[in-house]
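Visitor: Below are the structure tokens for one structure; questions will follow.
The values are calculated or read from the model by the stated rules, or taken from the named source; none is laboratory data. Remember, it's a predicted structure, so these values are computed and weren't measured experimentally. Neighbour counts are summed over all protein chains in view; Cβ atoms, including those assigned to glycine, are modelled from backbone coordinates with ideal geometry.
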Amino acid sequence: MISIRFMTIIRKMLTRNRVALISWEICRLGSHVSVGFMIGFLLSTVYRNAAQRYSTKHCPLFLSRHSSNRSTPVFCESCQGSSSIARTESLIAERNKFYTDMNLVLVAVMTAKEFLKTRVVAVHNTWAKSIPGEVIFFSSEGSESESPPGIKVVGLRGVDDVYPPQKKAFLMLKYIHDHYLDKFRFFVRADDDVYIKGEALLKFLHSIDSENYCLGGPGMIMTRDILAKTVPHIGHCLRNRFTTHENVEIGRCINQFANVTCSWSYRVNHAK
């Protein structure tokens, strides 16, 4: 009888210990779950913040519309996926509100006084009419007084028509920067003896999805960002020339201060 009662007492004690052990295990597991939840929440917060910073930096890239901090979103080449594609299309549409075919590009034609009545008039009456933007002619100081009617000619102060026209080429870029930087997305430097196909140029410019782009060859195409980064250093570039070719020196200046190497036009298959 005593042994039966003793065994009953032992069984009850073991049952209580088992319940206590199970309760302790539940509490331990619960604490682990709580800690895991907290760690997961912290990791998701860190990831979300990092993703947001990356998205702000790369998706989209931003195009400054002025020297202030106002900006206009442009093509996002770093984003991937269907949602990013939709967002990119939206950004392109937003950009196009500011840059239509009426102010997409400014073509700066470098000329001389002796060609104001010939080459300048020929350009004005032919391909200049097809440009999706504006065409302005740049010549030596005082040339504006001899410009043909209805044609915009800028006489660059302190510039003559002596060849090679390195100073003329650089100061032409400075004039464009100072007066037209916030009015066009692209800028083209051309000579007065080239022919530009306006429709082909329009198609090509619409295919460019970078704001740091430069194309060299018979002429030169550059984005506004390239112009903004290069022009403040024009004085340095003029004082440190290595060749007599103005297009080479401009390309060197762009490479040094905008950190972009201008592509050659013959390497671009669709630049025809």
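Visitor: If you scan the stretch 153-194, which residues turn out to be more than 14 Å from Phe115 (Cα to Cα) and charged (D, E, K, R)?
Guide: Arg157, Lys167, Lys168, Lys174, Asp178, Asp182, Lys183, Arg185, Arg189
Visitor: Using the structure shown, decide if Ala271 is of a type in the set (Gly, Ala, Ser), modelled with pLDDT under 95 and part of a loop (DSSP other than H, G, I, E, B). Steps first, answer last, please.
Guide: Numbers: of a type in the set (Gly, Ala, Ser): yes; modelled with pLDDT under 95: yes; part of a loop (DSSP other than H, G, I, E, B): yes.
In short, yes.
Visitor: Looking only at residues that are in contact with a strand residue (DSSP E or B) (Cβ under 7 Å, 6 or more places away or on another chain) and part of a loop (DSSP other than H, G, I, E, B) in the stretch 244-266, which one is surrounded by the most Cβ atoms within 10 Å (Cβ to Cβ)?
Guide: We begin by selecting, within the stretch 244-266, every residue in contact with a strand residue (DSSP E or B) (Cβ under 7 Å, 6 or more places away or on another chain); these are 247, 250-251, 254, 260, 262-265.
When the remaining residues are screened for being part of a loop (DSSP other than H, G, I, E, B), the result is 260, 262.
Working: Val260: 20, Cys262: 22.
The qualifying residue surrounded by the most Cβ atoms within 10 Å (Cβ to Cβ) is Cys262.
Visitor: Anything in the stretch 110-146 that is touching a helix residue (DSSP H, G or I) at 6+ places or on another chain (Cβ under 8 Å), closer than 26 Å to Lys197 by Cβ and polar (S, T, N, Q)? List them, or say none.
Guide: Once the filter is applied, which keeps residues that are touching a helix residue (DSSP H, G or I) at 6+ places or on another chain (Cβ under 8 Å), closer than 26 Å to Lys197 by Cβ and polar (S, T, N, Q), the stretch 110-146 yields Thr111, Ser130, Ser139.
Visitor: Could you check the stretch 214-243 and list, in sequence order, the residues that are surrounded by fewer than 19 Cβ atoms within 10 Å (Cβ to Cβ) and part of a loop (DSSP other than H, G, I, E, B)?
Guide: Matches in the stretch 214-243: Gly217, Pro218, Asn240, Arg241, Phe242, Thr243.
Visitor: Can you tell me how many residues within the stretch 129-157 are touching a residue at least 40 places away in the same chain (Cβ under 8 Å) and touching a Gly at 6+ places or on another chain (Cβ under 9 Å)?
Guide: 4
Yes or no, residue by residue, for (1) over 21 Å from the mean Cα position of the chain (by Cα); (2) among the aromatic types (Phe, Trp, Tyr):
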{"position": "Pro218", "(1), (2)": "yes, no"}
{"position": "Glu246", "(1), (2)": "yes, no"}
{"position": "Phe257", "(1), (2)": "no, yes"}
{"position": "Ser263", "(1), (2)": "no, no"}
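Visitor: Separate question: Identify, from the list Ala122, Ala128, the residue that is more than 20 Å from Leu104 (Cβ to Cβ) and not in a strand (DSSP E or B).
Guide: Ala122
Table: residues versus (1) surrounded by fewer than 19 Cβ atoms within 10 Å (Cβ to Cβ); (2) on the phi > 0 side of the Ramachandran plot; (3) modelled with pLDDT of 95 or more; (4) among the acidic types (Asp, Glu).
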| site | (1), (2), (3), (4) |
| --- | --- |
| Pro164 | yes, no, no, no |
| Lys174 | yes, no, yes, no |
| Arg189 | no, no, yes, no |
| Lys203 | yes, no, no, no |
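Visitor: Hey, among Glu144, Glu114, Glu134, which residue is more than 27 Å from the chain's Cα centre (by Cα) and surrounded by 13 or more Cβ atoms within 10 Å (Cβ to Cβ)?
Guide: Glu144
Visitor: Taking the condition of being under 30 Å from Lys203 (Cα atoms), in a loop (DSSP other than H, G, I, E, B) and of a type in the set (D, E, K, R), how many residues in the stretch 132-176 meet it?
Guide: Number of matching residues: 1.
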